[in-house]
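Undergrad: Dropping a structure here in structure tokens format, bear with me for questions.
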Amino acid sequence: MSRPIHARLDWAALRHNHARVRQVANHSNIWSVIKANAYGHGVLSAARALEDVTDGFTLIEIDSAIALRKVGIRQPILLLEGFYQADELPLFAEWELTPVLHTLWQVDALIAAKLHVPIYLKLDTGMHRLGFTADEFTQVLARLEAAGCAASITVMTHFADADEDRGIAEQMRCLRAMTNGHALPLSLANSAALLRFPESHADWVRPGIMLYGASPFPARQSAESLGLKPVMTLASELIGVRDIAAGDRVGYGGTFVAEQPMRIGIVACGYADGYPRHAPTGTPVLVGGQRTRTLGRVSMDKLCVDLTYLEKVGDGETAATPAIGTKVTLWGEGLPADDVATAAGTVAYELFCALAPRVLVIEVDE
Ligand SMILES: *Cc1c(COP(=O)(O)O)cnc(C)c1O
């Protein structure tokens, strides 16, 4: 018997969520964002699942982009940070990859390399992370035109507050001011913007988190209410059950102290599987389909859950509280990753991306 923890990946759910993007942004092309190993879901399988429905793939990592080309993925591939050294540039031509240029040395390098490739120019409209200023943008356009090395130019920007109260209005104003007089295609919206602000849809949208079935603004709207389905379900089993007395402590540091007699379960899942160590007592978990809470500190390979008030399962005299072998869902089907992330003070993005290589992956497509 192998260790019971596994991540079930539902590719039909991924396509369902992609169809939601199509429905919401019905006049835009779709860059499916599959950076960071498709947010921990597996970049090759995710790309395979979407290749017949999406318009392009967006990555950070050039090695993943080349791996997609080698298995025959034909769609455009956009690299969000472009290249980090000039010597990577020939790969963009060889493998037909589109770089995002965000800084002046990249423009110099592109012109010096005499490549003729489609490019994206990233503008800083208020995030103040990467991107050209208004003056730089004017200068870059003139230089690219003189050099004749851009097969096409698309303008992109990224929103800092699409999921928050500030929204996108200020950045949209800044963008309009910067692009005034240029009729270049635009790519603006991440998941939050595409769901909240139709005016951001433009030519290409760039959804990431919503494809994986989590909400980009869980405090406002659940994934389910947005019509999204979880792709990843992290599940395991109870490998231990014990009764403890009032005053007993649970786990490292004894941070949880029982105030009354309790029944607890030990789950084969820990931070070395990608479960967040900082998830406090009270983080939601499903045991045999019943919602309960974690207890004490998460260990490397295990965590503890409260079985005290769970209903008995089974019939008549054999009915019992959940026993060793009972299925435990850490997040996914039946327990939104957003609920777990919120309890742990993080976001579903981080939970997904942290899924550890030692977790067995089971892929389904139905
Ligand atoms: C990651 C990323 C996205 C996707 O964002 P989500 O919030 O996951 O939809 C879009 N655009 C850029 C530039 C990104 O880095």
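Undergrad: Please work out if Q260 is under 27 Å from V298 (Cα atoms) and either assigned by TED's automatic domain parsing to the domain that holds G56 or in a loop (DSSP other than H, G, I, E, B) (or both).
TA: yes
Undergrad: Right, another one. Take the range 197-217 and flag every residue that is over 24 Å from L335 (Cα atoms) and within 12 Å of the ligand (Cβ to nearest atom).
TA: Answer for the range 197-217, where residues must be over 24 Å from L335 (Cα atoms) and within 12 Å of the ligand (Cβ to nearest atom): S200, W204, V205, R206.
Undergrad: Against the condition loosely packed, with under 15 Cβ neighbours inside 10 Å, free of Cβ contacts under 8 Å to residues at least 12 places away in the same chain and touching an Asp or Glu at 6+ places or on another chain (Cβ under 9 Å), how does T133 come out, does it pass?
TA: yes
Undergrad: Return the residues of the range 172-189 that are over 18 Å from P207 (Cβ atoms) and within 16 Å of the ligand (Cβ to nearest atom); say none if nothing qualifies.
TA: Within the range 172-189, M172, L175 qualify.
Undergrad: Give just the number: which of (1) touching a residue at least 60 places away in the same chain (Cβ under 8 Å); (2) among the aliphatic types (A, V, I, L, M); (3) out of contact with any helix residue (DSSP H, G or I) (no Cβ under 9 Å at 6 or more places or on another chain) does A19 not satisfy?
TA: (1)
Undergrad: Within the range 146-158, how many residues turn out to be surrounded by fewer than 18 Cβ atoms within 10 Å (Cβ to Cβ) and either within 19 Å of W105 (Cβ to Cβ) or under 30 Å from the mean Cα position of the chain (by Cα) (or both)?
TA: Final tally of qualifying residues: 4.
Undergrad: Would you tally the residues in the range 44-54 being closer than 22 Å to R358 by Cβ, surrounded by fewer than 22 Cβ atoms within 10 Å (Cβ to Cβ) and in contact with a strand residue (DSSP E or B) (Cβ under 9 Å, 6 or more places away or on another chain)?
TA: 1
Undergrad: Cβ-Cβ below 6 Å, separation at least six or inter-chain, first residue in the range 136-163 and closer than 13 Å to H182 by Cβ and of a type in the set (S, T, N, Q), second assigned to a loop (DSSP other than H, G, I, E, B) and more than 13 Å from the ligand (Cβ to nearest atom): which pairs?
TA: T154/P185
Undergrad: How about the range 1-97: which helices (runs of 4 or more DSSP H) wholly inside it have at least 3 residues that are among the hydrophobic types (A, V, I, L, M, F, W, C), under 30 Å from V107 (Cβ atoms) and in the same structural domain as L195 (by TED's automatic domain parsing)?
TA: Output list reads 62-70, 89-94.
Undergrad: What number of residues within the range 77-131 are more than 13 Å from the ligand (Cβ to nearest atom) and at positive phi?
TA: 4
Undergrad: If the Cβ limit is 6 Å and pairs must be 6+ apart or interchain, which residue in the range 189-210 that is within 25 Å of W11 (Cα to Cα) pairs with which residue that is of a type in the set (D, E, K, R)?
TA: Taking only residues 6 or more apart or on different chains, the pairs are N190/R206; A192/D163.
Undergrad: Look at G247 and say whether it is assigned to a strand (DSSP E or B) and outside the structural domain of G208 (by TED's automatic domain parsing).
TA: Here the answer is no, as G247 does not meet what is asked.
The values are calculated or read from the model by the stated rules, or taken from the named source; none is laboratory data. Being a predicted model, the structure only gives us computed values, none of them experimental. Positions of Cβ are generated from backbone atoms using ideal geometry, with glycine treated the same way; all protein chains shown enter the neighbour counts.
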